[in-house]
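The structure appears below as structure tokens.
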Amino acid sequence: MTNSISEIKDADCILVTGSNTTEAHPIIALEIKKAVKKGAKLIVIDPRRIELSKIAILHLQQIPGTDVAWLNGMMRVIIEENLHDKNFINNHCEDFELLKEAVYEQSLEDIEKITGINSSDIKEAAILFAKADKSTILYSMGITQHTTGTDNVLSIANLAMLTGNIGKESTGVNPLRGQNNVQGACDMGALPNVFPGYQKVTDHDLRNKFEEAWNVSLSNKVGLTVTEMMKEAATSSLRALYIMGENPMLSDPDINHVEESLKSLEFLIVQDIFLTETAKLAHIVLPGVSFAEKDGTFTNTERRVQRVRKAINPLGYSLPDWKIIRNISNALGYPMRYNSSYDIMEEIRYLIPSYAGITYERIDNFGLQWPCKNIDDPGTKFLHKDKFVRGKGKFHSVKYIPAQEAPDEKYPFIFTTGRMLYHYHTGSMSRKAKGLDEICPQGYVEISLEDSQELNISEGGEVKISSRRGQISTMVKINQGLRKGVVFMPFHFVECAANTLTNPALDPKSKIPELKVAAVNIEKF
Amino acid sequence: MEIIKINIDNQQVQVPKGTTILKAAEIAGIEIPNLCFHKRLNPNSVCRVCVVEVKGESSLVSSCSYTIEKELTIYTDNERVKTARKLVLELIMSTHPNDCLLCENNGSCKLQDYAYQYEVEVFKFTRERPKYNIDKSNPFIIRDYNKCILCGRCVSICHQEQCSDIINYTHRGFDTKVSTYFDRGLEESSCAFCGQCVSVCPTGALSEKVAKGKARSWELKKVNTICPYCGCGCSIDLNVKDNQVIKVTSPENESINNGNLCVKGRFGFDFINHPERLKSPLLKDKNGNFKEISWHEAITTIASKLREIKDNYGSNAIAGLSSAKCTNEENYVFQKFMRAAIGTNNIDHCARL
């Protein structure tokens, strides 16, 4: 998030898109609700009617995969109505002409046809957003999990810059990160192209810095992303995989292919707290510990680094993950001398400039938000204040490209996946919590009332869903607020794993798979 | 901001105009007993336990809602106040089950504390109030309205913080009850089971099902940490006894969630001590069955196998998947291991999933 959670309640207009906030980020949703109570205008743009739609002034239901089109439509209206923030654009941004050219390429009528949203609604949303004093955009994986995920995010940034809604309190471009420490895992360089702190592996000077600190020579070749690893494993160019606390057998697209890949590995190590679907395929399984058994830090979606504290001793012979890695590294002949998570944090601070001021002592009571560059730095509530980090905010020319897979005669429905309140990611934790499993014991597919009538399926009935990748059977829930032709499924359930059906096609830049659009067929069981 | 001088229990205190007497007393280091007040919520002024005497006012006033607009002399604990407070407590106790021995809240109940402190005569008054069945119908919250003192905190937090309005008062007089629409179970309402109501209940009327019978309040050690269930990063207190996490409560410290939690954050933690947790390294044998091995065997097997693959096929034949569920420190060490010990940038995690 460019801005902070506590700022949401003071926004005048909130655009929520691709985020079912009340279910996936319930505490952030409370801030949205409070803002609306205070008079903020909420615009929800989502193919599904979600809880927030009830308190929204506008709920626009786009056809999944058409986000660039409606975003460009909104920006076209804003420019035509002369509501763009000329001062902000002139003083802080560049390439406005490129944007203008791109958004003028399609008429609102064309956009209506592409997105399925009435042009008058796009117009109304655009005017509301542009006229409000402080407008903020909150989005999540409904925006990013597309082959055009990067384009979608760039369009959102365009909209924020066009209206001067960045670098100020209660505005901003605010991705709500899904998992507890996905922000931190990225910050720490658990990515194939960057060292900790987003320092590029291809940059000679930065690589030198890490080579010196780690006393070893390092590769300058960008590594494989998770989806690429699965492809390489299937062709045996990848021989060994060490998986810590992940369950690709449920989380990754096209699970049948993932299974095939993991089975072709010569050596698979899985470190987890349960014998997950992925761990069952391993040659060796290592018992890690839960968050309750270790010290350390998590970084939340607003860049706040917070203390995780050990509450109980590790169960059985399980060990904190960092100790296991340290021990393997020492056995392999690369010595690691850490005796506590504190020691590791001190090294992190030394190597990541934006973490330099973050110490366990300083975050004992309440976390600090990076960038926090030295021990006196109070941290950063919102980014790009006064000036963009890169100098000028760059407008990108983004043009609508359709999703990779479109519905056809054989697979006539658009299948989209997501999360729900009672479960978390691949369910390895939440499905072992008695109450959560009791209130929501099984997966389901949401289909629209019209589709259910045409297919002659009633609530609770069983259906078979198939895509080009595989097929599953599950129970039907009728969602009267869903677009006809769109079906939704949460991906937490192994018994009916939604990712058996999803499309592994990737965004060319971010390598994110298109989990939000796949073509499927549905038949009564 | 206008500053006003007040005299509270013969202490001189200066407070901003509009401060409540309860808050002013807190500034002066005086604790006024209260049941329906909660610092995160607007005052309800219904329990009357926080009454104090303000010189010049004909009757006692509730300190939680009485704001200081001019110079005042206040008595928070004189005989008149104490007598009134005791009477209020005796009236509350007249319909209370008085089964502290079996109550989940024993030891962390404000009513119990005040009854003890004021030497309340429990059976001074007898009143008839309906007997309610204990509602255990939902998976998370036990609702025993026999113990409800109608303070309204649960109603307020559901409305003010959760913006949900699932519950409110129904009926009148002795029949007054906190209820859902048509008095159905919470599971039949649109309740999202955030459990905010449980977190503010001053008695044992609302309690966590998962913790029932597992620990007395004084046996629990609270450890403050961060919830692992999404990117919000809420502050939680793990309540621990005998190396088991018994329940989760909302901490008082400064946090992004200000004491609010969701259903997963409050009720989703029995996975920690789940019997299926992995407790030993496992090696798959030729028949595909896992057998337990020692850490020594596990580490040496891994080291020799990784060395063999690296020697035969190069570092890039090995890859690692780190975890968005692990700590920063663990992610740092993992990527360092892949880059420095293995020699590859084949390191990723499920950020995109």
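The values are calculated or read from the model by the stated rules, or taken from the named source; none is laboratory data. Here the structure is a predicted model, which means the values were calculated and not measured. Methodologically, a virtual Cβ is constructed for each residue, glycine included, from the backbone with ideal geometry; neighbour enumeration extends over all protein chains shown. Accessible surface is based on the protein model in full, side chains and every heavy atom, while ligands, DNA and RNA are left aside. Shrake-Rupley method; radii C 1.70, N 1.55, O 1.52, S 1.80 Å.
Tabulated data
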{"item": "Filtered residue count, the stretch A:55-69, keeping only those that are under 24 Å from residue B:232 (Cα atoms) and either at pLDDT below 95 or in contact with a helix residue (DSSP H, G or I) (Cβ under 7 Å, 6 or more places away or on another chain) (or both)", "result": "1"}
{"item": "Residues satisfying the stated conditions in the stretch A:151-179, i.e. out of contact with any helix residue (DSSP H, G or I) (no Cβ under 8 Å at 6 or more places or on another chain) and either in a helix (DSSP H, G or I) or small (Gly, Ala, Ser) (or both)", "result": "A:154, A:157, A:160"}
{"item": "Residues being buried (at least 22 other Cβ atoms within 10 Å of the Cβ), out of contact with any Phe, Trp or Tyr (no Cβ under 7 Å at 6 or more places or on another chain) and within 18 Å of residue A:77 (Cβ to Cβ) - total across the stretch A:112-166", "result": "10"}
{"item": "Yes/no for residue A:128 being more than 25 Å from the chain's Cα centre (by Cα), under 30 Å from residue A:485 (Cα atoms) and either part of a helix (DSSP H, G or I) or not assigned by TED's automatic domain parsing to the domain that holds residue A:161 (or both)", "result": "yes"}
{"item": "Residue within the stretch A:307-314 that is outside the structural domain of residue A:145 (by TED's automatic domain parsing), basic (Lys, Arg), surrounded by 24 or more Cβ atoms within 10 Å (Cβ to Cβ) and part of a loop (DSSP other than H, G, I, E, B) present", "result": "no"}
{"item": "Among the candidates B:238, B:261, residue that is crowded, with 22+ Cβ neighbours inside 10 Å and more than 24 Å from residue A:320 (Cβ to Cβ)", "result": "B:261"}
{"item": "Failed criterion for residue B:122 (all others in (1) modelled with pLDDT of 95 or more; (2) touching a helix residue (DSSP H, G or I) at 6+ places or on another chain (Cβ under 7 Å) hold)", "result": "(1)"}
{"item": "Of all residues in the stretch A:95-111 being open to solvent by 60 Å² or more (accessible area, probe 1.4 Å) and acidic (Asp, Glu), the one that is nearest to residue A:122 (Cα to Cα)", "result": "A:109"}
{"item": "Conditions (1) touching a strand residue (DSSP E or B) at 6+ places or on another chain (Cβ under 8 Å); (2) within 30 Å of residue B:188 (Cα to Cα); number of the one not met by residue A:383", "result": "(2)"}
{"item": "Subset of the stretch A:455-473 (residues that are within 26 Å of the chain's Cα centre (by Cα) and surrounded by fewer than 22 Cβ atoms within 10 Å (Cβ to Cβ))", "result": "A:466, A:467, A:468, A:469, A:470, A:471"}
{"item": "Residues that are surrounded by 15 or more Cβ atoms within 10 Å (Cβ to Cβ), outside any loop (DSSP other than H, G, I, E, B) and more than 7 Å from chain B (Cβ to nearest Cβ), drawn from the stretch A:347-379", "result": "A:347, A:349, A:351, A:353, A:354, A:355, A:368, A:369"}
{"item": "Tally of residues being open to solvent by less than 10 Å² (accessible area, probe 1.4 Å) and in contact with a Pro (Cβ under 6 Å, 6 or more places away or on another chain) across the stretch A:504-514", "result": "1"}
{"item": "Search result, residues across the stretch A:167-207 that are open to solvent by less than 10 Å² (accessible area, probe 1.4 Å), over 20 Å from the mean Cα position of the chain (by Cα) and of a type in the set (A, V, I, L, M, F, W, C)", "result": "A:195, A:201"}
{"item": "Residue list for the stretch B:73-99, filter: surrounded by 19 or more Cβ atoms within 10 Å (Cβ to Cβ) and among the aliphatic types (A, V, I, L, M)", "result": "B:74, B:81, B:88, B:89, B:92, B:93"}
{"item": "The stretch B:108-126, subset open to solvent by less than 80 Å² (accessible area, probe 1.4 Å) and assigned to a loop (DSSP other than H, G, I, E, B), residue nearest to residue B:172 (Cα to Cα)", "result": "B:125"}
{"item": "Answer residue from the stretch B:174-206, given it is among the polar types (S, T, N, Q) and open to solvent by less than 10 Å² (accessible area, probe 1.4 Å) and is nearest to residue B:239 (Cα to Cα) among those", "result": "B:196"}
{"item": "Of all residues in the stretch A:315-335 being in a loop (DSSP other than H, G, I, E, B) and within 7 Å of chain B (Cβ to nearest Cβ), the one that is least open to solvent (accessible area, probe 1.4 Å)", "result": "A:318"}
{"item": "Residues (of a type in the set (D, E, K, R) and either outside any strand (DSSP E or B) or open to solvent by less than 30 Å² (accessible area, probe 1.4 Å) (or both)) located in the stretch A:474-494", "result": "A:483, A:484"}
{"item": "Hey, residue A:449 aliphatic (A, V, I, L, M) and open to solvent by 50 Å² or more (accessible area, probe 1.4 Å) or not", "result": "yes"}
{"item": "The listed residue being farther than 30 Å from residue A:355 by Cβ, assigned by TED's automatic domain parsing to the domain that holds residue A:323 and open to solvent by less than 10 Å² (accessible area, probe 1.4 Å), out of A:270, A:258", "result": "A:258"}
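For every residue, the table says whether it meets (1) touching a Pro at 6+ places or on another chain (Cβ under 9 Å); (2) of a type in the set (A, V, I, L, M); (3) part of a loop (DSSP other than H, G, I, E, B); (4) within 9 Å of another protein chain (Cβ to nearest Cβ).
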{"residue": "B:207", "(1), (2), (3), (4)": "no, no, no, no"}
{"residue": "B:214", "(1), (2), (3), (4)": "no, no, yes, no"}
{"residue": "B:218", "(1), (2), (3), (4)": "no, no, no, no"}
{"residue": "B:228", "(1), (2), (3), (4)": "no, no, yes, yes"}
{"residue": "B:233", "(1), (2), (3), (4)": "no, no, yes, yes"}
{"residue": "B:251", "(1), (2), (3), (4)": "no, no, yes, no"}
{"residue": "B:256", "(1), (2), (3), (4)": "no, yes, yes, yes"}
{"residue": "B:260", "(1), (2), (3), (4)": "yes, no, yes, yes"}
